[in-house]
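Accompanying notes for the structure given below.
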Amino acid sequence: MNSLQLFLPCAAGVEDFLAAEVQRITGIAALRRSRGGVSLEASWRDALRLNLHSRLAQRVLARLWHGPYRAEQDLYAAAAEVAWEIWFTPRQTIKVELTAQHSPLKSLNFAALKIKDAVCDRFRDKRGERPSVDTQRPDVRLFGHLTAETLTLYIDTTGEPLFKRGWREDKGDAPLKETLAAAMIAATGWDAQAREAATLAEVPPLADPCCGSGTVPIEAAQIALNIAPGGQRRFAFEKLLPFQPHVWQGLRDEARAAERPWPAGQAPIVFGSDVAFRMVDFARRNAERARVAQAIELRGGDALQRLPPSPRAGVLLLNPPYGERIAAAGVAGRNAAERAAGAARAGREQARDEDGHTADAFFERLAAHWKSHYAGWSAWLLTPDLKLPGRMRLKESRRVPLWNGPIECRLFRFDLTARGPRPAETGA
Ligand SMILES: C[S@@+](CC[C@H](N)C(=O)[O-])C[C@H]1O[C@@H](n2cnc3c(N)ncnc32)[C@H](O)[C@@H]1O
């Protein structure tokens, strides 16, 4: 198990951040970046360490076969060659998941069935017993990926995807995946500043004024305190044959020992607020479970009225309300509702932009509020609305493409400078 080919899939746009993270966790510099993931040659111990420490990967897969195929029987032959018996026993349940890009095969289900048959037949020949399939809660997940010409087979070491850190019980309406929140933080560079700060008091403030269930603040606080994201969950590798509990316990102990203790009397370094008090409650409970409650100040409040939570300038980082489902509430929401009611009374259609939103003032007012009160801060907003800078009348200094599930987004950076006096204010 000292030389495994590992593949860590991630959301598109995250590859470079993931490569840097993998290098930091393993010390291995020879990495290959491909669209949607990072590969490396590493040990079993590295695989465990990556599961424990990666914030950006979706899972950690060990590649067991790679080569050309043309038809279903080639998939069977390939899967029959893999020594599955060194990974698990026929008493364990399995699930085969197959993905494809440009594969000429007609049915992915049939192709997956061929792979499953080969695995089971191999166990019957070698051990006299076949594993059974459990599509809901398998002990062992096998992944296959087909391109036009090649098949790759992997065994999964992770289990539930890595964005499930084990602390979330309270979700809210549209929580970010923890992996995406971590990618946003990595894109801002705040994570490196937090890790490199000599003391927690020197970590620059990070604030999410639309924090929902607290995903961004909680990820940020765990980064600052060096709390391993996988310390509170189980992994698929615990059921695989190479698993040695003492090795895993050793890695967990090492991670615990490397955490930064919270100094007595230290003021919070991360800030979250939301107009919905129910969300703030969720965020509080999540922060408790994630062991970062002391590091985060969470409170209710309208982003259009929230003053800087710290006298030092820092980073604003948020995925703001967007669209009908997660509409802006608070002052802007009331105004929009009043305008809509007024328009309805007057028998008029309210002005809508081409995306179908009421052209409400939320973003324009947010930008004005930030210009007045947040000079020196940098604001990073994740949004699928590519016209957001125009709506805010701000010019972005960076735009980072990121995917929120299937939705293509941009993380826009705005450098907030103090608003100069308007002509009327100077008497000109
Ligand atoms: C897309 S969600 C953010 C989800 C959050 N990142 C999470 O992971 O749970 C947008 C949030 O903005 C909040 N919101 C809407 N209008 C607001 C306002 N005027 N001020 C502050 N928060 C607001 C909503 O309550 C919602 O929780």
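The values are calculated or read from the model by the stated rules, or taken from the named source; none is laboratory data. Since the structure is predicted, the reported quantities are computational estimates derived from the model, not experimental observations. When we count neighbours, we look across all protein chains shown, and the Cβ atoms used for this are built from the backbone with ideal geometry, even at glycine. Ligands, DNA and RNA are stripped out before the accessible areas are found, and what is left, the full protein with its side chains, is counted by its heavy atoms. Shrake-Rupley method; radii C 1.70, N 1.55, O 1.52, S 1.80 Å.
Summary table below
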read-out	value
Segment 89-166 - Rg (one decimal) and Dmax (whole number), Cα, Å	13.6, 39
Residue with peak Gaussian network fluctuation, the chain [Cα springs, cutoff 10 Å], from A19, A313, A287	A313
Segment 178-223-segment 229-265 distance, computed between alpha-carbon centres (Å)	21
Semi-axis lengths, Å, segment 1-54, gyration tensor of Cα atoms, sqrt of 5 times eigenvalues	17, 11, 10
Probe 1.4 Å - accessible area at D46, Å² to nearest ten	20
Solvent-accessible area of R291 with every protein chain in place, 1.4 Å probe, in Å² to the nearest 10	90
H145, H369, ranked by accessible area, largest first (probe 1.4 Å)	H145, H369
Relative contact order (percent, whole number), segment 213-291, Cα cutoff 8 Å, 6+ residue spacing	58
Per-residue SASA entry for R127, accessible area with 1.4 Å probe, Å² rounded to 10	130
Choice from P384, P217, P242 showing the highest fluctuation, given a GNM over the chain with Cα pairs closer than 10 Å	P242
Relative contact order of segment 4-156, pairs being alpha-carbon contacts under 8 Å that are 6 or more residues apart, as %	25
Heavy-atom accessible area per residue - the chain, 1.4 Å, Å²	47
Per-peptide average of other Cβ atoms within 10 Å, ordering 206-215, 173-182 highest first	206-215, 173-182
Extension gain from T89 to Q73, taking 0.36 nm per residue of separation minus the Cα-Cα distance	3.3 nm
Rg/Rh ratio calculated on Cα atoms of the chain (Kirkwood radius)	1.04
Solvent-accessible surface ranking, highest first, for Y154, Y374, Y76 at 1.4 angstrom	Y76, Y154, Y374
Listed pairs K95/K126; K106/K164; K126/K239; K116/K239; K106/K239 exceeding 23 Å between Cα atoms	K106/K164; K106/K239
With every protein chain in place, segment 1-91: carbon and sulfur % of accessible area (1.4 Å)	47
DSSP-defined antiparallel bridges as percent of all bridges, the chain, nearest 5	65
Cβ-placed point charges (K, R +1; D, E -1), dipole of the chain about Cα centre in debye, nearest 20	300
Relative contact order, percent, the chain [alpha-carbon distance under 8 Å, six or more residues apart]	13
Accessible-area ranking of W403, W377, W262, largest first, probe 1.4 Å	W403, W262, W377
As computed over segment 1-132, the Cα convex hull volume per residue (Å³)	120
